[in-house]
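Below is one structure, written out as structure tokens, with a few remarks after it.
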Amino acid sequence: MRYVSTRGAAPVLTFEEAMLTGLARDGGLYVSETIPQLSHGDIAALSGLPYEEVAFRIMRPFIGDTFSDDDFAEIITKAYAPFNHPARAPLVQLGPNHHLLELFHGPTLAFKDFAMQLIGQMFQVSLGRQGKRVTIVGATSGDTGAAAMEAFRGLAAVDLFILYPHGRISEVQRRQMTTPPDHNVHALALDGHFDDCQARLKDMFNHFDFRDEVALAGVNSINWARVLAQVVYYFSAATSLGAPHRPVSFTVPTGNFGDIFAGHIARAMGLPIEKLVVATNRNDILHRALTTGLYQTDGVSPTISPSMDIQVSSNFERALFDAYGRDGAAVAAQMDDLKSTGAFKISQGALETLREGYASGRASEKETSAAITHALNTTGELLCPHSAVGVHVAEQHLGAAPMVTLATAHPAKFPDAVETATGQRPTLPIRMSDLYERSERVTQVDNNLTTLEDLIRERRAA
Ligand SMILES: *Cc1c(COP(=O)(O)O)cnc(C)c1O
């Protein structure tokens, strides 16, 4: 399998190269050149298998000869061993035809663990055999950074730097990043928004001298391997609910469009998905873009679902690439408009394709809170605010097909919002109960590329 850039002007890479590279050199994102197809029988055979076995069968066709079957099976086993639930991604029922896919049983209590744990193991095997060292820099709205710290801490071949927006993440998220004692991981509190963190990260990738000097690698959701890891649970959930014999719908709380794009890949591989619903909080650029065809940034407002407080949704570029019939030049032109004017207009044809592929909705702060209260009162389930955005939007899209809403984080990651909505303070799982006592290590930094690059040069192990 070969990987091509969404802007059509970067080298074509193998899976291993795309995984280690992150952002393409033309500023685009890597996607697989073709989408492997699963037959009705292949999909039916997934039903009831252990999560690890489903993961192997879904991802194997994408990785080419990067890993042998034995190595890949071992990577998957190690990646999901720290999870706290034998099903890895269990389903619970919220209503007659509405289910919640709990993606928060990993080591940092958010769905990001599914991809990051896997990437950590893949990097270790790949870099180890090449005798290489890389510097990974990541931008986070909270959960990616925590998951990356957990996945990469202590690994000999990696220095990890995580940029997070100072003062704009929850205390649990911050502590998960600032308390790992390992010297190869570094938390950087940037003076700005998540979009600033993401912009500086992109600047570093586009500064080729720096990129080559420190052997820069990326694990943000722009990394294809992350999208791939997330395709798996669409299959495990849908086959548990009767696919491929009947179609299933999914609603996905969305910020950077990575998780929902994984659903699009699952569908393109042959999984019968009736509706794929984008759920946004009041930072609703994606909902507006799908409704009006105009993708227009207008500032980020902080919400109780901070991991979705995003205006520049990186992975949307992958959806555009498909909607434009994989025309990299067309995507590059739109991204240039975005950079110079803060907006772009999706062509009529591409918009129609996107609307066929994705439904959408938004939840206000009040609606999000009300969804948390309602779920607890009617089912006993405590939702995190991100999952609650999903549940609110999903209820407007219920139909004949079973609806699955992705629960993207554990409620104890966002205890204040949950307590305000329900009067109940969610508690951390026992293995994390001393999180508030561990000592923190963090560096505050200006929103400035040169300062950041100097700091990274100085801190990384030469
Ligand atoms: C990252 C995150 C999201 C958004 O996921 P994307 O893949 O960026 O769309 C939603 N909820 C939580 C809890 C997250 O950590």
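Condition first: more than 16 Å from the ligand (Cβ to nearest atom), touching a His at 6+ places or on another chain (Cβ under 9 Å) and under 27 Å from Pro36 (Cβ atoms). Can you find one or more residues in the range 95-102 that meet it? I'd like the intermediate steps shown before the answer.
Our first condition is that a residue be more than 16 Å from the ligand (Cβ to nearest atom); within the range 95-102, this holds for 95-99.
Filter once more, keeping what is touching a His at 6+ places or on another chain (Cβ under 9 Å): none.
So far as the range 95-102 goes, no, none of its residues is more than 16 Å from the ligand (Cβ to nearest atom), touching a His at 6+ places or on another chain (Cβ under 9 Å) and under 27 Å from Pro36 (Cβ atoms).
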ask   = Cβ-Cβ below 7 Å, separation at least six or inter-chain, first residue in the range 202-223 and farther than 21 Å from Ser141 by Cα, second of a type in the set (S, T, N, Q): which pairs?
value = Val214/Thr135; Ala215/Thr135
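Okay, residues lined up against (1) closer than 23 Å to Phe205 by Cα; (2) crowded, with 24+ Cβ neighbours inside 10 Å:
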position: Leu109; (1), (2): no, yes
position: Lys112; (1), (2): yes, yes
position: Met116; (1), (2): yes, yes
position: Arg129; (1), (2): no, no
position: Val137; (1), (2): yes, yes
position: Thr140; (1), (2): yes, yes
Pairs where the first residue, in the range 165-177, is among the polar types (S, T, N, Q) and the second is assigned to a helix (DSSP H, G or I), C-beta under 7 Å, 6+ apart = Ser170/Pro306; Ser170/Lys413; Gln173/Asp143; Gln173/Ala146; Gln173/Lys413; Gln176/Ala146; Gln176/Met149
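For the range 340-362, give me each residue that is assigned to a helix (DSSP H, G or I) and either free of Cβ contacts under 8 Å to residues at least 24 places away in the same chain or among the small types (Gly, Ala, Ser) (or both). Write out each step before concluding.
Taking the range 340-362 as the starting set, the residues that turn out to be assigned to a helix (DSSP H, G or I) are 340-341, 348-357.
Across the range 340-362, the qualifying residues are Ser340, Thr341, Gly349, Ala350, Glu352, Glu356, Gly357.
At least 2 residues that are within 16 Å of the ligand (Cβ to nearest atom), farther than 17 Å from Gln311 by Cα and not β-branched (Val, Ile, Thr) in each: list the helices (runs of 4 or more DSSP H) lying fully within the range 138-245 that qualify. Before the answer, list the steps.
Values: elements: 143-152, 171-178, 194-206, 208-213, 224-240.
Correct list: 143-152, 171-178, 224-240.
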ask   = From Lys366, Lys345, which residue is of a type in the set (Lys, Arg) and farther than 20 Å from Thr405 by Cα?
value = Lys345
key: Members of the range 82-94 found to be touching an Asp or Glu at 6+ places or on another chain (Cβ under 8 Å) and farther than 21 Å from Met59 by Cα, listed by number   = His85, Leu91, Val92, Leu94
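Conditions tested, residue by residue: (1) among the polar types (S, T, N, Q); (2) in contact with a His (Cβ under 8 Å, 6 or more places away or on another chain); (3) surrounded by fewer than 15 Cβ atoms within 10 Å (Cβ to Cβ).
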site: Thr6; (1), (2), (3): yes, no, no
site: Phe15; (1), (2), (3): no, no, no
site: Ile43; (1), (2), (3): no, no, no
site: Ser47; (1), (2), (3): yes, no, no
site: Glu52; (1), (2), (3): no, no, no
site: Phe56; (1), (2), (3): no, no, no
site: Ser68; (1), (2), (3): yes, no, yes
site: Phe72; (1), (2), (3): no, no, no
site: Ile76; (1), (2), (3): no, no, no
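Where a number appears in this text, it was derived from the coordinates with a stated rule and is not lab data. Only a predicted model underlies this, so the values are computations on that prediction, with no experimental measurement involved. Every residue, glycine among them, receives a Cβ derived from its backbone with ideal geometry; neighbour counts consider all protein chains shown.
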